[in-house]
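The values are calculated or read from the model by the stated rules, or taken from the named source; none is laboratory data. In this text the structure is predicted, and so the values were computed from the model without any measurement. Heads up, the Cβs are rebuilt from the backbone with ideal geometry, glycines too, and the neighbour counts pull from every protein chain shown. The area values use the complete protein model at the heavy-atom level, side chains included, leaving out ligands, DNA and RNA. Shrake-Rupley method; radii C 1.70, N 1.55, O 1.52, S 1.80 Å.
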Amino acid sequence: MKFRSIKGTKDILPEESGLWQHVEAVVRSVMHRAGYREIRTPVFEQTALFARSIGELTDIVTKEMYTFPDRSGESLTLKPEGTASVLRAYIQHNLGEQAPLIKLSYCGPMFRQERPQAGRLRQFHQFGAEALGSQSPQLDVEMMLLPLHVYGELGVKPLALNINSVGCEKCRPAYKDKLIVALTKVFDRLSPESQARVQQNPMRVLDSKNEGDQEMTQAAPLIKDHLCTECRTHFEEVQSLLHATGTPFEINGRLVRGLDYYTKTAFEITSSALGSQDALAGGGRYDLLVEELGGKATPGVGFAAGLERLMIVLEKTGAPAGTMRGPDLFIAAIDDPSRRWAFSKTQELRKRGFAVETDFLQRSLKAQMREANRQQARFVMVIGETELQAGAGRLKHMVGGEERTVPLGELESALV
Ligand code: HAM
């Protein structure tokens, strides 16, 4: 029997993991500088948490969740996104009592049973952040700038930032009624998928990828033109802060996003290096969600960004160099006594903070040198009877090729 990984999942192999670690280090650094502290939540939660937050009628909840009963019969779901779990933890542990504004970041696997294609997996990884406790449009913009800073430090471009306001519970109901009237007029010419959404989730019809739907809804009213004063002022301030920070953006009145919890700001960052799945990151404000999940009314805003899609963009546009780090030293040993010496020296130098490798396969000297090259070792030292007797060996710099004699007791200082 041959085992294969599950469709839509991906092994991150050693030749790729260096880049992943590099990207994660950049993410951690950007989050740290902006004051976001990491939160790690479990990979599964009660199913109702996601249904309640993401929305009962969304594609994620109706079609894409990995939901299963555990042995006690409780319905559990592998998390399809991070926001719901982060808010559940925020409420459960009363984090709001520690400070009026809580800024959290996360990075980890998410699960959605979508049709796999380039940039769309069933297990994928996101990094993201949530800020809880402030209504300030500054935080909406901070959520756009956090992923943009990460992309900037990785040299990713060109990127497009699309923003919209999806209104609030005051202005959205009246707008939705107007939209339903407009959509009903063209109902017969909409795709079956959009037809099904007209009554229950009409705003999603506007961001349908179907060309016919797009044509039919060209004259449909857009929420950004029907905002209440509070939402309009907020949206204008977001734009003015984007201008002030020199961040290019487009207003896209059709941007709705696939999750129902948003109020006011919604945004997406796309890359033309990606195909049809071109969203690198998305997010927005959700001022009602904490209360909806049983907490005290607390405004919030956040974003999440796909790591696999970022890797695709990095590969296409030239990944950052120097992500493969070889050992500082490879000790090649010629006979049994020197192999024993090499083994204990390797362990000793590792304890002192160096990455050191030696041969474990009793290979010929030539094969060991080939291995040191393959591993991209910075230095190589060959040890045999002569070196052990002399108490010194030749240390070779593998890039420059220079060699010098180093007393074995001073190997550590020679590596610095
Ligand atoms: P989302 O737009 O569903 O938002 O996902 C964010 C990002 O995750 C996408 O832009 C994409 O890069 C990546 N992604 C989503 N699905 C897949 C998939 N099947 N395969 C590969 N990558 C994928 C959220 O998840 C919200 N929780 C964002 C948020 C946080 N809003 C407020 N706070």
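Before moving on, here are some points about what is shown:
- One residue stands out among those in region 207-226 that are of a type outside the set (Asp, Glu) and under 12 Å from Ser191 (Cα atoms): the one that is most open to solvent (accessible area, probe 1.4 Å), which is Lys209.
- Set Lys316, Lys366, Lys345: member being within 16 Å of the ligand (Cβ to nearest atom) and charged (D, E, K, R): Lys316
- For region 351-376, filtered to residues that are among the small types (Gly, Ala, Ser) and under 18 Å from Leu415 (Cβ atoms), the residue that is farthest from the chain's Cα centre (by Cα) is Ala372.
- Among residues of region 1-20 that are assigned by TED's automatic domain parsing to the domain that holds Gly306, those with a beta-carbon under 6 Å from a residue that is surrounded by 10 or more Cβ atoms within 10 Å (Cβ to Cβ) and small (Gly, Ala, Ser) at least six positions away or on a different chain give the pairs Leu19/Ala319.
- Members of region 232-265 that are more than 16 Å from the ligand (Cβ to nearest atom) and among the aliphatic types (A, V, I, L, M): Leu241, Leu242, Ala244, Ile251
- Scan of region 182-194 for residues that are surrounded by 12 or more Cβ atoms within 10 Å (Cβ to Cβ) and either more than 15 Å from Glu215 (Cβ to Cβ) or within 33 Å of the chain's Cα centre (by Cα) (or both), ordered by number: Thr184, Ser191, Glu193, Ser194
- The condition of being in contact (Cβ under 8 Å) with a residue 40 or more places away in the chain, farther than 25 Å from Tyr262 by Cβ and not in a loop (DSSP other than H, G, I, E, B) holds for only one of Val30, Val86, Val23, that being Val23.
- For Leu289, the conditions (1) among the hydrophobic types (A, V, I, L, M, F, W, C); (2) within 8 Å of the ligand (Cβ to nearest atom); (3) farther than 18 Å from Trp20 by Cβ are fulfilled apart from (2).
- Of the set (1) of a type outside the set (Phe, Trp, Tyr); (2) modelled with pLDDT under 95; (3) surrounded by fewer than 19 Cβ atoms within 10 Å (Cβ to Cβ), all apply to Gly246 but (2).
- The single residue among Thr41, Thr47, Thr83 that is at pLDDT 95 or above, farther than 30 Å from Val198 by Cβ, of a type outside the set (Phe, Trp, Tyr) and crowded, with 16+ Cβ neighbours inside 10 Å turns out to be Thr41.
- Residue match in region 55-73 (condition: in contact with a Phe, Trp or Tyr (Cβ under 8 Å, 6 or more places away or on another chain), in a loop (DSSP other than H, G, I, E, B), closer than 19 Å to Val290 by Cα and not hydroxyl-bearing (Ser, Thr, Tyr)): yes
- All positions within region 120-134 that are buried (at least 18 other Cβ atoms within 10 Å of the Cβ) and near the ligand (Cβ under 6 Å from one of its atoms): Leu121, Phe124, Gln126, Gly128, Glu130
- Hey, Lys209 in a helix (DSSP H, G or I) and not assigned by TED's automatic domain parsing to the domain that holds Arg28 or not: no
- Matching residues in region 110-119 - criterion: being within 14 Å of the chain's Cα centre (by Cα) and either open to solvent by 40 Å² or more (accessible area, probe 1.4 Å) or near the ligand (Cβ under 8 Å from one of its atoms) (or both): Met110, Gly119
- Residue check: His149 meets all listed conditions (1) open to solvent by less than 10 Å² (accessible area, probe 1.4 Å); (2) under 22 Å from Ser240 (Cα atoms) but one, namely (1).
- Taking the criterion of being within 8 Å of the ligand (Cβ to nearest atom) and either within 15 Å of Met144 (Cα to Cα) or buried (at least 24 other Cβ atoms within 10 Å of the Cβ) (or both), the residues of region 266-284 that qualify are Glu268, Ile269, Ala279, Leu280, Ala281, Gly282, Gly283, Gly284.
- Summed over region 276-302, the residues that are farther than 23 Å from Arg115 by Cα, of a type outside the set (Asp, Glu) and either outside any helix (DSSP H, G or I) or not assigned by TED's automatic domain parsing to the domain that holds Arg257 (or both) give a count of 14.
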